[in-house]
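Below is one structure; the comments refer to it alone.
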Amino acid sequence: MPSRYDLLHPLTKLSLALVLIVAAYLSPSVWLSIAICGAALLTTAASHRRGEIARVYPLFFVPITISLLLIRGVLVPDVRTSPIDVGGFVLSLDAIAGACIYILRYCTLVAALFTVIQTTPTAQLMHALAERGLPRSIEFILLMALQIIPDMKLRADAILEAQQSRGLVIASLPSRIRALVPLVGPLVVGALVDVEERSMALELRAFAATNRPTRMDVLVDSTAQRVVRGACIGMVIAMGAAAVLVRYLP
Amino acid sequence: MNEAIVTTNGLTFSYTRRTTPALDQLTIAIAAGTVTAIIGPAGAGKSTLCALLAGFMPQFFRGVVGGTATVDGVSPIDGSVHAMLPHVTVVLSQASTQISGVCDTVSGEVGFALANMGVPVDTIRTRVATALATMEISHLAERSPFQLSGGQQQRMVIAAALALNPPVLIFDEPTAQLDPPTVAALGDTMRRLAATGKTIIVAEQHLDWVAAYADRVIVLNAGRLHADGPPQTIIADPPNWRSGGRMPSDYRAMHSSMMCGRARP
C-alpha cells in the first residue's frame, strides 16, 4: 500500500530532496548535518518501501564512512586537538568532525535521491520532468542510463558465474577485490557494445517522434504541493545567497 | 501469388568509411502475407537490409544509398524510423536491449511506442491487449519487464512490435538468444501472423528453422543476391552452397544436417 509520501507529485519529492541536499552541502556544523541527514532518513521512513531501501544503505554508507574517516584523518591530521592513534594513523577530534560533515553530506545525498527514485515510477518521473520542459535529448540519455543499470547487474552476475566456473574463488574481501579485475573489462565493453542496439530499439519505439506523446499515467498534483515546491525553491535560493554572503562579505 | 509489399531495385548501401558496399545492386520483391527468410554468412548484408527497410539508413547509420526501396508503398530511404513505423518495424535479436527501462509493467512497455506516437489512450489499451493476447502473455501484463525470462521478454518485444500493427514485420536473428521450445513457438507465431496477412521477413542463421517455417529463402553473400527460392529448393540445391568456396564451411555442414533433418510441420 503506497504511503502519502509515495503518492506525492514526483517534483514535490525532488524539491524536498534538493532542499536537503543543498542544506547538507552548506551546513557548517556536525549537529546541523546530523539533523539534515536525519530528515533525509525520515523521507525513507515515510515510504512504504522503507525496509528494502534501508537494507541497501549499509552498502553505501559503511565503505564511504570508513574511507572518509581514514582519508580525512591522514590528509588533515590536526593533532593539536586530542590526537588519537589508530593503528599508526594519528586522528584528531577536529579531523573526525570534518570527516563526519563529509560523510553526512554523502549520506543525505544518497538517502534523499535514492528514496525519490525508489518510490517514483520511472514513467511518472519522466512525465513530470517532460512537462516542465526537459528536452527529449536529455530524456533519451536518462533512459539509456536507466536501461543499462538492470542489464549490467544481470551481466555482472553472469560474468562472475563464468569466472567462478573457471576456478575464481570469491570468499574473502581481498578475493572479492581481485575478482573485480576480470569483471570490469567484459562488463564495460559489453555495455558499450549494446549501446547501438539500445538506441536502435528506442528509435523503433518512436522515441524520436516529434509529436506530443500520450501519457498513460495521470500525475496527481495540488495547490498545497505547488506551494511546498515553491517554498523549497525559495529555500534553496535563500541558502545559496546566504552562503555567498557569508563567504564573500568582509 | 500475393502482390509485392516490399521491393528493392538496384539497392546499394555503403557505410561511411567502408570501401566495399554492404548491399550491392540488390533487386528483390517480397509478397504480402508470406514468411521470407534472409540467410547468408556473417557480413552478407542481412542486418543492413533489415535496418534499411526499417528506415535506419542513411539517417541513423550514415552512408550512401543507391537504387530504390519501398515498403508498403513508402520509401524507407526518404523517411525516418518513426515515420516508417505504421508500415514496418524490426524486432532485434537481443530482447533485453529492447526494453525501454521507463515502463514498470509489460503492458506499459508494449504500449510505449504507441504512446510516443501520440495515439489516444483507449486505442493504446485496446492494441496492447490484442498484442499481448496474440503473443499469449496477457497473464504477464502487470509484471516488470525485467522480471521476465529471456523467452518471455522476446514475446513481449514482439508484442510491442505487433501493437504498432504494421503490415510488415522484420526479425533480425530472432532465435539467437532463445531455447529450442521458444524457437519453435516463435516459428509457429510467425506462421500465424503470416496467415493473418502480415508479411514476415526474418534474417536468420539456422537453416533448420528456415526450412521449417519460411515460404521463401533469399540468400545474400557479400551484399549481393546469391540465390532465391523456396527453402527446399535452396537448401537441396548444392550450387547454392558451393559458390566457388565463398560460402563458409559451417553453412555446408548445416546443409548436410538439413538433408537428413526435419520436415516442415
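The values are calculated or read from the model by the stated rules, or taken from the named source; none is laboratory data. Every value quoted in this text rests on a predicted model; they were computed, and no experiment measured them. Neighbour counts are summed over all protein chains in view; Cβ atoms, including those assigned to glycine, are modelled from backbone coordinates with ideal geometry. In case anyone asks, the SASA skips ligands and DNA or RNA and just uses the protein heavy atoms, side chains included. Shrake-Rupley method; radii C 1.70, N 1.55, O 1.52, S 1.80 Å.
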Look at B:I200 and say whether it is buried (at least 17 other Cβ atoms within 10 Å of the Cβ) and not in a helix (DSSP H, G or I).
yes
Taking the stretch A:163-182, which residues are open to solvent by 80 Å² or more (accessible area, probe 1.4 Å), β-branched (V, I, T) and not in a helix (DSSP H, G or I)?
A:V169
When B:F171 is evaluated against the numbered criteria (1) touching a Pro at 6+ places or on another chain (Cβ under 8 Å); (2) modelled with pLDDT of 70 or more; (3) surrounded by 15 or more Cβ atoms within 10 Å (Cβ to Cβ), which criterion, by number, is the only one it fails?
(1)
Residue under evaluation B:G150, criteria (1) surrounded by fewer than 17 Cβ atoms within 10 Å (Cβ to Cβ); (2) free of Cβ contacts under 8 Å to residues at least 40 places away in the same chain, criterion not met
(2)
Answer residue from the stretch B:101-126, given it is surrounded by fewer than 24 Cβ atoms within 10 Å (Cβ to Cβ) and of a type in the set (S, T, N, Q) and is nearest to the other protein chains (Cβ to nearest Cβ) among those:
B:N116
Here is a check on your reading of the model: is A:A209 among the small types (G, A, S) and outside any helix (DSSP H, G or I)?
yes
For the stretch A:222-250, how many residues meet the condition of being open to solvent by 60 Å² or more (accessible area, probe 1.4 Å), of a type in the set (A, V, I, L, M, F, W, C) and more than 24 Å from A:K13 (Cβ to Cβ)?
4
Among the residues of the stretch A:119-128 satisfying the criterion of being touching a residue at least 24 places away in the same chain (Cβ under 8 Å) and not polar (S, T, N, Q), which is farthest from the other protein chains (Cβ to nearest Cβ)?
A:A128
Quick one: in the stretch A:126-152, which of the residues that are modelled with pLDDT of 80 or more and open to solvent by 60 Å² or more (accessible area, probe 1.4 Å) is farthest from B:Q153 (Cα to Cα)?
A:R132
Can you find a residue in the stretch A:198-208 that is of a type in the set (K, R) and open to solvent by 30 Å² or more (accessible area, probe 1.4 Å)?
no
